[in-house]
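The values are calculated or read from the model by the stated rules, or taken from the named source; none is laboratory data. As the structure is a prediction and not an experimental result, all values here were calculated from the model. Cβ placement follows ideal geometry from the backbone for every residue including glycine, while neighbour counts extend to all protein chains displayed. Ligands, DNA and RNA are excluded from the accessible area calculation, which covers all protein heavy atoms including side chains. Shrake-Rupley method; radii C 1.70, N 1.55, O 1.52, S 1.80 Å.
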Amino acid sequence: TLRRGFEPLAPGGELKYGHMDEEMKPTCKADTYGQMLTSTHQDLINDDLGVIDTMISGLVKNGSRKLSDVGWTLIMSNPSDWFGTAHNNYITGAPTALSISGLGLAMRAFREQVDADGRPVDLAPAFLVVPPALESTAASILASVELARYVADGTDQQPVGNPWRNKLGLIVEP
């Protein structure tokens with residue numbers, strides 16, 4: 001199976017075939033969406049104001065929005081309880097609020113993910129996705145050069161840099 005992973009080659013250099021287990025087969029199916037524009041030859045000739053170009057731009061925008069809506073609707077529907085404590089990919093509680101330390105908890109949980117056989121999945125997070133209400137907080141966390149520190153007695157010898165600076169891209173999704 002694919003889960004078993006790579007195995008040593010036989011003396012003749014032959015590779016064994018892998019196959020997808022039933023639980024590995026995708027349960028989500030892609031749909032096809034579309035929209036057509038029609039115009040006559042006379043519309044093309046008389047388009048002095050560039051209405052057709054505007055319609056094409058609108059069509060491209062509609063396509064981009066549909067792709068985003070369908071993708072995020074699927075993710076937020078949490079099919080098969082994918083984001084949950086059973087999969088060890090969901091953390092809760094006050095310490096997980098969006099902050100330097102909260103992002104640290106999320107990054108740790110992400111990097112400690114294992115597959116069904118207990119092997120690390122070895123995925124690197126690339127984006128932080130937030131709603132518009134958290135955009136400024138997320139942008140500050142990802143772009144700040146230094147973190148402000150306050151030490152009453154002046155004995156704090158901790159690093160000052162921001163560990164998340166330029167580590168992730170920011171996606172703001174309504």
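Using 0.36 nm per residue of separation minus the Cα-Cα distance, give me the extension gain between Leu74 and Val129 in nm, one decimal. Don't skip to the answer; put the middle values down first.
Numbers: separation 55, 0.36 × 55 = 19.80 nm, distance 1.47 nm.
Gain on extension, Leu74 to Val129, equals 18.3 nm.
Under the Karplus relation 6.51 cos²θ - 1.76 cosθ + 1.60, θ = phi - 60°, what is the ordered set of whole-Hz ³J(HN,Hα) values for the range 164-174, x standing for Gly and Pro?
Running phi through 6.51 cos²θ - 1.76 cosθ + 1.60 with θ = phi - 60° gives 9, 4, 6, 8, 10, x, 9, 10, 9, 10, x Hz.
Among the lysines, select those whose C-alpha is under 28 Å from the C-alpha of Lys29, and discard any that sit fewer than 8 residues away in the same chain.
Correct list for Lys29: Lys61, Lys66.
Can you find, among Ser101, Gly18, Leu37, the residue farthest towards the positive end of the dipole of the range 12-129? Put +1 on the C-beta of Lys and Arg, -1 on that of Asp and Glu.
Positive-most Cα among the choices belongs to Ser101.
Have a look at Asp69, Asp43, Asp81 and tell me which one the Gaussian network model of the chain (Cα, springs below 10 Å) gives the largest fluctuation.
Checking each option, the largest mean-square fluctuation is seen for Asp43.
Given that compact globular proteins tend to follow 2.2 N^0.38 Å, what is the ratio of the alpha-carbon Rg of the range 66-174 to that value?
On the way: Rg = 16.5 Å, N = 109, 2.2 N^0.38 = 13.1 Å.
My calculation over the Cα atoms of the range 66-174 gives 1.26.
What does the accessible area per residue of the chain come to in Å², with a 1.4 Å probe and no ligands, DNA or RNA counted? Could the numbers behind the result be given before it?
Details: 13980 Å² over 174 residues.
With the other protein chains kept in place, the chain gives 80 Å² per residue.
Would you compute, from DSSP H runs of 4+ residues alone, the mean residue ellipticity of the chain at 222 nm, taking -39500 (n - 2.57) per run and dividing by the full residue count, rounded to the nearest 500? Present the calculation step by step, with values, prior to reporting the outcome.
Values: 4 runs with 53 residues, N = 174.
Computed ellipticity for the chain at 222 nm equals -9500 deg cm²/dmol.
Grab the Cα-Cα distance for Ala10 and Leu105, subtract it from 0.36 nm times how many residues apart they are, and report the gain in nm with one decimal. Write out the running numbers ahead of the final one.
On the way: separation 95, 0.36 × 95 = 34.20 nm, distance 4.35 nm.
Stretched out fully, the Ala10 to Leu105 stretch lengthens by 29.8 nm.
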